[in-house]
Amino acid sequence: MNELWSYDAHTLARLVRERQVSAREVTEALLAHIARVDGAAGRLLEPGQDPEAVHRAAPGVHAFITVTAERALAQAEAIDRALARGEDPGPLAGVPFTAKDIFTVEGTPSTAGSRILANFVAPYTATAVARLEAAGAILLGKVNLDEFTFGSSNESSAFQPTPRNPWDLSRVPGGSSGGSAAAVAAYEGPLSVGTDTAGSIRQPAAFCGVVGLKPTYGRVSRYGLIAFASSMDTPGPLTRTAADAALALQVMAGADPHDATAVTLPVPDYVAELAKGVQGLRIGLSPDYFRITRVDPATGEVYTEEVQPAIRAAVEAVAQTLEALGAVIVPDVPMPHTRDGIPAYFVISRVEAASNLHRYDGVKYGYRTPEPVDDLRAMYRKTRGQGFGLQPKLRILMGMYVSAAQYSARYYERALRVRTLIRRDFETIFDPQGPYRLDALLTPTTPTPAFPLGAVYGDSVLMQYADQLTVTANHAGVPAISIPAGFDEQGLPLAAQFFAADFREDILLRLAHAFEQATADAAWRRARPPAVA
Amino acid sequence: MPEEISPALFAHLVELAALELTPEEAEYLRRELNRQLEAIHQLEATPIPPDTPITSHGVPYTPPRRAPLRDDAWRPYPNRDALLRQAPETDAEGYVVVPDIPHETLT
């Protein structure tokens, strides 16, 4: 069977279940494909070693930090044995997947893309990963990310070379789930589990032309997720189709005794929901999501910039397609606090990050400075100074400043009140008795397509604004999905995003699926990334 | 406009954060902190009604959807040695070894 590596999760699960192929054959096909397209895996380079030279010597997508080939083959054989015994091996039996290296997986290096955890081997498995494995999915490995998820380009990882965009290897895949998006786009597994704290699933999904679903906060357990901003971190799937995202969410979602924030609401049959279509769904368009508002670094003035015309056109085309399928488009929906998303995030996420990063101290696990020290405090300072990259340091320092007793009212408390206003924007538009009564809000995912490597990295303010159209979902807790919506003139993926009310992932998936079906014959749907072709 | 995070304030934060920085790192980090604060000050232009509560997470956790607290049960990890192998330094009895802990003798 040709190109087993290119099949989606639904197809692979069916073929394995019907025993047309074995899970081992699927796994071997994927491992061989990874060896062909991924090039050098991300690793800690020696001082002075140039990541570009490593890339040139072994070019590729560089999605992976660790390929767990032996573990994957052992899992595949167990699936095949279960099938031979006539047992039900689960809805994802034989489906290979990857996990962002922010999820702990027992017995594997779980690095968070940081030097400080480079030698950490997790003693337990994250719930999201454990549930996928229990459903028969096969872990191919751990994929790269921005260090501790702190970035929107994947360039901040300590593990180099960092992932490239499969559609253009000179561009970033986005971040922080950049390895996940690059892997799915390059057919290195039809599913990757990522995390989204400001857009870290949706923005790289948009940049790489794949589906990225950020569930409602509390829909999927955070147990085993190396924490960034605990009130916003949300695990979710990246896939090539909406139906695969539905299948993955179905398996991952639900209450978990290990995470008190995982809600006890029943998990719908998301795959069955797809058939309901979009007839009568009310979809809003907001002018506040077609522009970016930010501070000019040179003058300090606030200015507004429109999203790129190709992105606007792609989103409008999605609206027209859905309208033709019977959805109702509601224009001019005000979302006035969209512009506050990034400034508030600069405060809230940093406070939570600083708190979460205090645990890395070189005592119980992870990196410890090899240099001689006089006492424990000196060991802490050297360990953290050497173990953390620039982005964790920046977040720790900002978080400590804006939450300090004398500044907290001015910064942290204000940001938490603004967060309430952002939440109210969504409550208003989704209120069934309100003026808009929307089922979903349709927006661009990002203001631009994927940018070149090195174009933004280092400018921490500009990088953060890559998330302005996505971060509001994390403040509000609502679910959102990014879907492929075509390509620009340079052949770079374009994307659209839907938001829905709390726990209405079913609506997001129906919209995504309906658009996918309606455009299935479009020429752009047949394009494959040059990195794969 | 004067820089909000002065070199002295920055040094204080670095000490509290237990970070040892190179001069190049310190220059970059202080500059980015001040630039991020400019963006954060945008929030001051947003009117906040006086009765606006804080939101500590977006989704309300009302009892029907909130899991009950589980029992505070003791569950030993099955492989003590595997956990201890994660520690940078341990002794023969399984204690984690750290450098001298700063202390002062109370009189």
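The values are calculated or read from the model by the stated rules, or taken from the named source; none is laboratory data. If you're wondering where the values come from, they're calculated on a predicted model, not measured in any experiment. Reconstructed Cβ throughout: ideal geometry from the backbone, glycine too, with neighbour counts over all protein chains shown. Ligands, DNA and RNA are stripped out before the accessible areas are found, and what is left, the full protein with its side chains, is counted by its heavy atoms. Shrake-Rupley method; radii C 1.70, N 1.55, O 1.52, S 1.80 Å.
All other residues with a Cβ under 12 Å from the Cβ of residue A:515 taken together, and with Lys, Arg as +1 and Asp, Glu as -1, what is their net charge? Numbers along the way, then the final one.
Numbers: positive: A:510, A:525; negative: A:323, A:516.
That works out to 0.
Using a Förster distance of 35 angstrom, determine the FRET efficiency expected from the C-beta separation of residue A:36 and residue A:490, and round it to 0.05. Let's see the in-between values first.
Details: r = 25 Å, r/R0 = 0.72.
That gives a FRET efficiency of 0.90.
In whole angstrom, how far apart do the alpha carbon centroids of the range A:126-155 and the range A:16-36 sit?
Rounded to whole Å, the Cα centres lie 20 Å apart.
Out of the GluC sites (Glu not before Pro) in the range A:274-306, which ones are loop residues according to DSSP with at most 13 other C-beta atoms within 10 Å? Could the numbers behind the result be given before it?
On the way: sites: A:301, A:305, A:306; in loops: A:301.
Here the sparse-neighbourhood loop sites are A:301.
Sort the range A:414-533 into rounded, prolate or oblate with this rule: let a ≥ b ≥ c be the square roots of the eigenvalues of the Cα gyration tensor; rounded if a/c is under 1.5, and if a/c is not under 1.5, prolate when a/b is larger than b/c, oblate otherwise. If you can, show how the numbers build up before the last one.
Working: a/c = 3.10, a/b = 1.26, b/c = 2.46.
The shape class here is oblate.
Whole number in Å², please: accessible area per residue of the protein assembly as shown, 1.4 Å probe, ligands, DNA and RNA not counted.
Values: 24370 Å² over 640 residues.
The answer is 38 Å² per residue.
In deg cm²/dmol, rounded to 500, what helix-only [θ] at 222 nm does chain A give when every DSSP H run of at least 4 residues adds -39500 (n - 2.57) and the total is split over its residues?
Calculated mean residue ellipticity at 222 nm is -10500 deg cm²/dmol.
With the contact rule set at Cα under 8 Å and sequence spacing of 6 or more, what percent relative contact order holds for the range A:45-134? The partial results should precede the final answer.
Details: 64 pairs, mean separation 15.8, N = 90.
Result for the range A:45-134 is 18 percent.
Between residue A:405 and residue B:45, what is the label-to-label distance in nm when each label sits 7 Å out along the Cα-to-Cβ direction?
3.4
Using only alpha carbon pairs under 8 Å that are at least six residues apart, calculate the relative contact order of chain A and give it in whole percent. Please report the intermediate quantities before stating the final value.
Details: 1287 pairs, mean separation 89.8, N = 533.
Normalised by residue count, the contact order of chain A is 17 percent.
Longest segment of chain A with no trypsin sites (Lys or Arg not before Pro) in a DSSP loop having at most 16 other Cβ atoms within 10 Å? Display every interim value, and only then the final one.
Values: sites that count: A:19, A:85, A:359, A:364, A:437.
That gives A:86-358 as the longest site-free run.
Under the definition of partner shielding as Cβ atoms of other protein chains within 10 Å of a residue Cβ, what is the mean value for peptide A:110-123? Working shown, then result.
Working: counts 0, 0, 0, 0, 0, 0, 0, 0, 0, 2, 1, 3, 1, 7.
That works out to 1 on average.
Tell me, in nm to one decimal, what length is gained between residue A:317 and residue A:69 on full extension, where the rule is 0.36 nm per residue of separation less the Cα-Cα distance?
Numbers: separation 248, 0.36 × 248 = 89.28 nm, distance 4.19 nm.
Fully extending the segment from residue A:317 to residue A:69 adds 85.1 nm.
To the nearest Å, what is the center-to-center distance of the range A:157-197 and the range B:59-89, using C-alpha atoms only?
31
Is the range A:268-371 best put as rounded, prolate or oblate by its Cα gyration tensor, with a ≥ b ≥ c the root eigenvalues, rounded for a/c under 1.5, and otherwise prolate when a/b is larger than b/c, oblate when not?
Values: a/c = 3.19, a/b = 1.58, b/c = 2.02.
It is oblate, given that a/c is not under 1.5 and a/b is not larger than b/c.
If a/c stays under 1.5 just call it rounded; otherwise compare a/b with b/c (prolate if a/b is bigger, oblate if not). Do that for the range A:206-359, with a ≥ b ≥ c from the square roots of the Cα gyration tensor eigenvalues. Please report the intermediate quantities before stating the final value.
Values: a/c = 2.17, a/b = 1.03, b/c = 2.11.
Cα axes put the range A:206-359 in the oblate bin.
Go ahead and estimate [θ] at 222 nm for chain B from helices alone: -39,500 (n - 2.57) per DSSP H run with n ≥ 4, summed, over the residue count, rounded to 500. Let's see the in-between values first.
Numbers: 3 runs with 34 residues, N = 107.
Calculated from helices alone, the mean residue ellipticity at 222 nm is -9500 deg cm²/dmol.
Give me the accessible area buried between chains A and B, both sides summed, with a 1.4 Å probe, in Å² rounded to the nearest 100. Please report the intermediate quantities before stating the final value.
Working: alone 19740 and 10820 Å², together 24370 Å².
Counting both chains, the buried surface is close to 6200 Å².
Go ahead and collect, in residue order, the members of the range A:354-373 whose backbone nitrogen is under 19 Å from a label point 7 Å along the Cα-Cβ direction of residue B:91.
Answer for the range A:354-373: A:363-365, A:373.
Once the Cα gyration tensor of the protein assembly as shown is diagonalised, what are the square roots of 5 times its eigenvalues, in whole Å and ordered largest first, as equivalent ellipsoid semi-axes?
Working: eigenvalues 248, 202, 115 Å².
Equivalent ellipsoid semi-axes, largest first: 35, 32, 24 Å.
Could you give the dipole magnitude of chain A about its Cα centre, charging the beta-carbon of Lys and Arg +1 and that of Asp and Glu -1, in debye to the nearest 20? Please list the in-between numbers first.
Numbers: 49 positive and 57 negative charges, 160 e Å.
Roughly 780 debye, rounded to the nearest 20.
As a test, work out the antiparallel percent of DSSP beta bridges whose residues both lie in the protein assembly as shown, rounded to the nearest 5. Please report the intermediate quantities before stating the final value.
Working: 37 of 51 bridges.
Counting DSSP beta bridges with both partners in the protein assembly as shown, the antiparallel share is about 75 percent.
Quick check: pseudo-label points 7 Å beyond the Cα along Cα→Cβ at residue A:82 and residue B:79, how many nm apart are they?
Result: 2.1 nm between the two label points.
Could you state the number of Å between the C-alpha centres of the range A:283-362 and the range A:82-113?
The distance from the Cα centre of the range A:82-113 to that of the range A:283-362 comes to 34 Å.
Be a star and scan the range A:28-43 for residues whose amide nitrogen sits under 19 Å from the point 7 Å along the Cα-to-Cβ vector of residue A:528.
Residues A:28-39 fall inside that zone.
Within 10 Å of each Cβ in peptide A:396-404, how many partner chain Cβ atoms are there on average? Round it to a whole number, please.
Values: counts 7, 13, 8, 2, 5, 11, 4, 0, 3.
That average works out to 6.
What is the percent carbon and sulfur in the accessible area of chain A, measuring with a 1.4 Å probe over the protein chains and ignoring ligands?
Numbers: 8540 of 16830 Å².
Taking all protein chains in place, chain A shows 51 percent carbon and sulfur surface.
Label points 7 Å out from Cα along the Cβ direction at residue A:332 and residue A:455: separation in nm?
3.4
Using the Cα atoms of chain B to build a convex hull, what is its mean projected area in square nanometres? Don't skip to the answer; put the middle values down first.
Details: hull surface 65.3 nm².
Across all orientations, chain B yields a mean hull projection of 16.3 nm².
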